[in-house]
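Written out below as structure tokens is the structure these notes cover.
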Amino acid sequence: MFSIPVLVFIAIVILYLLNCIKILREYERAVIFRLGRALPQPKGPGIIFILRPLDQYVRVSLRQEVMEVPPQDVITKDNVTIKVNAVITMRVIDPAKAVIEVSNYVYQTSQFAQTTLRSVLGEVELDGLLSHRDVLNQRIQSIIDLRTEPWGVKVVSVEVKQVDLPDSMLRAMAKQAEAEREKRSKIINAEGEFAAAQRLVEAADLLAAQPMTLQLKYLQTLIDIGVEKNTTIVFPLPMELVSLLGKAATAQAGAQPEAK
């Protein structure tokens, strides 16, 4: 039988060994510092062995993380004040650099994303921001990714989430949209009138070439009026007859003063 001191020693050794064993998930890596110096390669996943108190380790997740950039006050190139927030998707590709190069890579990425968002969106006009958002997203993502690459952090995507416009600008944009719709309506109406006028000119030329067709059209109009069972029928007079009557009346009026 073992003595009590030996049993105590064995229990301490067992507890120490159990405390040195760590289990890392598939998406986790451990950056180990042995006597203050980082080991060349992170360990994991699975079971790793930590020699305490000689070793200290930091868990780093390799999964993608989503970070929301707080709303930023931005003055666009055409002097419009707006509030813009964005969403950044990033992941750690080098755990050692993410731990050694920066104290908190999430916080530093967030701060740099805020300044980049203000500077990039301040160089474009409001219409460009609203209509070319994909191009701006790629530009912001490339700038932030270039800055975070030395930290071992990869910025996967940047999306401008929401653009808050002042009420005065919303009213102005609504008036502009209404004016654009009215403009298109007038243009379409004018094009329809022009097309109808062209058709009337072609029809007039065709009727003038065949005078009998005008008489047939006249009879067809009478038939259409009679279908509705109207009691009043209007007979249009030819313009030539009206012109002759007008000339005769003028000639008669000129002859009366001479007779006097």
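Pairing each residue of segment 187-207 that is without any contact (Cβ under 8 Å) to a residue 24 or more places away in the chain with any residue that is exposed (fewer than 10 other Cβ atoms within 10 Å of the Cβ), provided the two are 6+ apart or on different chains, yields no C-beta distance under 8 Å.
Give segment 63-118 a look and list any residue that's of a type outside the set (Val, Ile, Thr) and in contact with a Ser or Thr (Cβ under 7 Å, 6 or more places away or on another chain), or say none.
First, pick out the residues of segment 63-118 that are of a type outside the set (Val, Ile, Thr): 63-65, 67-68, 70-73, 77-79, 83, 85-86, 90-91, 94-98, 101, 103-105, 107-108, 110-114, 117-118.
Within segment 63-118, 64, 67, 73, 90 meet the criteria.
Exactly one residue among 159, 123 is in a loop (DSSP other than H, G, I, E, B) and under 18 Å from the mean Cα position of the chain (by Cα), and that residue is 123.
Taken together, 70, 53, 42 contain a single residue that is in the same structural domain as residue 155 (by TED's automatic domain parsing) and without any contact (Cβ under 8 Å) to a residue 60 or more places away in the chain, which is 70.
Taking residue 151 as meeting all but one of (1) more than 21 Å from the chain's Cα centre (by Cα); (2) at pLDDT below 85, write down the number of the exception. Result: residue 151 fails condition (2) only. Filter segment 142-160 for residues that are of a type outside the set (D, E, K, R), surrounded by fewer than 21 Cβ atoms within 10 Å (Cβ to Cβ) and over 11 Å from residue 112 (Cβ atoms) and give the result. Once the filter is applied, which keeps residues that are of a type outside the set (D, E, K, R), surrounded by fewer than 21 Cβ atoms within 10 Å (Cβ to Cβ) and over 11 Å from residue 112 (Cβ atoms), segment 142-160 yields 142, 150, 152, 156, 157, 160.
Here is a yes/no grid of residues against (1) modelled with pLDDT of 90 or more; (2) surrounded by fewer than 16 Cβ atoms within 10 Å (Cβ to Cβ); (3) touching a Leu at 6+ places or on another chain (Cβ under 9 Å); (4) farther than 22 Å from residue 17 by Cβ:
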site	(1), (2), (3), (4)
32	yes, no, yes, no
37	yes, yes, no, yes
40	no, yes, no, yes
51	no, yes, no, no
54	no, yes, yes, no
59	yes, yes, yes, no
64	yes, yes, no, yes
72	no, no, yes, yes
76	no, no, yes, yes
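The values are calculated or read from the model by the stated rules, or taken from the named source; none is laboratory data. Everything numeric in this text was worked out from a predicted model, so none of it was measured. Note that we place each Cβ from the backbone using ideal geometry, even for glycine, and neighbour counts take in every protein chain shown.
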